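Structure record follows, encoded as structure tokens.
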Amino acid sequence: MLTIKRVATVVSNYQENASSEDLQSKEKDHGCGRDCLGNCCLPVSKLPLYAFHNAEDDNVEKEINGGCPRTSFLNNLLLGQWEDCMNRGLFRYDVTSCETKVISGKYGFIAQLNEGRHLKKRLTEFRIDKVLQPFDKNKFNFTKVGQEEVLFRFEPSKDKKSHYSPSSPVDSREGAPNVVTINVSPIEYGHVLLIPRVLDCLPQKIDCESLLLALHLAREASDHFFRVGYNSLGAFATINHLHFQAYYLSMSFPIEKAPTCRTMSSKEPYKTRVMVSEILNYPVRGLVFEGGSKLRDLSDAVANSCIFFQSNNIAFNLLISDCGKRVFLLPQCYAEKQAHGIVNQELLDTQVNPAVWEISGHMVLKRRKDYEEASEQYACRLLAEVSLSENRFKEVKKCICEAANLQFEEDCIKIQEESGFESTTLTQVTSHLHKDCLLLH
């Protein structure tokens, strides 16, 4: 069994002291006394409820004025509730005071100094050679989270319209609830967790329904600066309880600006196909999924690819971008290399775990020295260790083509020239971005 010493990121105020003995001793038939998200408390609780628009016949490309829909109620709700939690002192530090800068160079990597995320920690043995591991109720999981960390439940509406109720009973007969909570150790403004079917105690494992829910969150928020991310086990997920992360960053991620080359598509008529492109001229090899006649078409194609990764023990990260219209799928091998002792010690000393945000170009640094010396060369060295080799990635693409019922394009349709970000080809890549987005050169 391959293991590495890990620093477990604290995402809930109940994480550090949640020993199995203490938790078991507090469990009672009618609640544990602290309003948690477990079966002891949640079924008899009332929580805010956001019921999202869930029309299956809506086209994934449906938009207003060529971009995301206008600012949604959910967007304002999420930020308002998040700021209320900040005012109540539920976060471990003030993320808005963290220093941030753009690293000079062609990619425009973003560096953040986040010392608070590193100060409170506990060492754990983290197994990294198994992407799928069974849920363990004796370890920290989100049923132990206090309800004060919950922003709202996130459920499909029954009438194809969005609704909000500030206090709605949790009805266990309708299935386990989906909840959106704060991350008490935030990386950025509005950093939240989406926990599908929290009472079902699902391990960190994507399926079609959970990914569709995450796409609905990105779409309902309808803000280009709001991205949803996912880390598998072995790709720096720190808790084996199904969850997605999301936060706001008011600039483009470098990976969003990378040129792409179309390589695969689904087998539907051209206008309704899911298109899959390979990321070019970026330190990490990956794929971008977009299109489809319905949101479920896009979700199923990505989810089936993730299911292949999970079944074949391939660690991966996922970034949902452009209000749910583009999904970046990023297989990685950094932890595998780390366990085998083949990662440069200088990179290990920075204690940066390259998860979805770092791979996308947002480098969260824990030491001032690393922040002050941050360079594009360092970021590229780190991400080069993350990426699969060219031959391994080529094999992965073939397997995804079969797993997601795709077909290879006869001709590689280049969305941007392979030469980089120069000349008029830049417009073709940035056309994915909202006209008000800040573009980093």
Legend entry - Flag for I187 being assigned to a loop (DSSP other than H, G, I, E, B) and open to solvent by less than 10 Å² (accessible area, probe 1.4 Å): yes
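Only helices (runs of 4 or more DSSP H) wholly contained in region 368-441 count here; list those with 1 or more residues that are modelled with pLDDT of 95 or more.
Working: elements: 368-372, 376-386, 390-403, 426-430.
Because the criterion is at least 1 residues that are modelled with pLDDT of 95 or more, the helices (runs of 4 or more DSSP H) in region 368-441 that meet it are 368-372, 376-386, 390-403.
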Inset, instruction - Would you mind finding the one in R262, R273 that is touching a residue at least 12 places away in the same chain (Cβ under 8 Å), surrounded by fewer than 20 Cβ atoms within 10 Å (Cβ to Cβ), over 21 Å from the mean Cα position of the chain (by Cα) and farther than 19 Å from S389 by Cα? - result: R262
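Inspect all residues belonging to region 145-154 and state whether any of them is within 20 Å of the chain's Cα centre (by Cα), assigned to a helix (DSSP H, G or I), of a type outside the set (A, V, I, L, M) and farther than 28 Å from E336 by Cα.
Start the filter on region 145-154 by keeping residues that are within 20 Å of the chain's Cα centre (by Cα), which leaves 145, 149-154.
Right, trim to assigned to a helix (DSSP H, G or I) and you get 149.
Then drop every residue that is not of a type outside the set (A, V, I, L, M), which leaves 149.
Next, from what is left, pick out any that are farther than 28 Å from E336 by Cα: 149.
Checked against the condition, which is being within 20 Å of the chain's Cα centre (by Cα), assigned to a helix (DSSP H, G or I), of a type outside the set (A, V, I, L, M) and farther than 28 Å from E336 by Cα, region 145-154 yields at least one hit.
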Inset, instruction - Of all residues in region 232-259, count the ones that are polar (S, T, N, Q), surrounded by fewer than 24 Cβ atoms within 10 Å (Cβ to Cβ) and closer than 23 Å to K144 by Cβ. - result: 3
Legend entry - Failed criterion for E358 (all others in (1) open to solvent by less than 50 Å² (accessible area, probe 1.4 Å); (2) charged (D, E, K, R); (3) in a loop (DSSP other than H, G, I, E, B) hold): (3)
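Applying the selection to region 293-310, what residues are of a type in the set (S, T, Y) and either surrounded by 22 or more Cβ atoms within 10 Å (Cβ to Cβ) or free of Cβ contacts under 8 Å to residues at least 24 places away in the same chain (or both)? So that I can check it myself, show each step before the final result.
Going through region 293-310, the residues of a type in the set (S, T, Y) turn out to be 293, 299, 305.
S299, S305, listed by residue number.
Conditions tested, residue by residue: (1) modelled with pLDDT of 95 or more; (2) part of a helix (DSSP H, G or I).
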position: L194; (1), (2): yes, no
position: L202; (1), (2): yes, no
position: I206; (1), (2): yes, no
position: E209; (1), (2): yes, yes
position: L213; (1), (2): yes, yes
position: H216; (1), (2): yes, yes
position: Y230; (1), (2): yes, no
position: A237; (1), (2): no, no
Inset, instruction - Determine which single condition E290 fails, assuming it passes every other condition in (1) crowded, with 20+ Cβ neighbours inside 10 Å; (2) in a helix (DSSP H, G or I); (3) in contact with a Lys or Arg (Cβ under 9 Å, 6 or more places away or on another chain). - result: (2)
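The values are calculated or read from the model by the stated rules, or taken from the named source; none is laboratory data. Because the structure is a prediction, the values reported are computed rather than measured. When we count neighbours, we look across all protein chains shown, and the Cβ atoms used for this are built from the backbone with ideal geometry, even at glycine. For accessibility, only protein heavy atoms count, side chains too; no ligands or nucleic acids. Shrake-Rupley method; radii C 1.70, N 1.55, O 1.52, S 1.80 Å.
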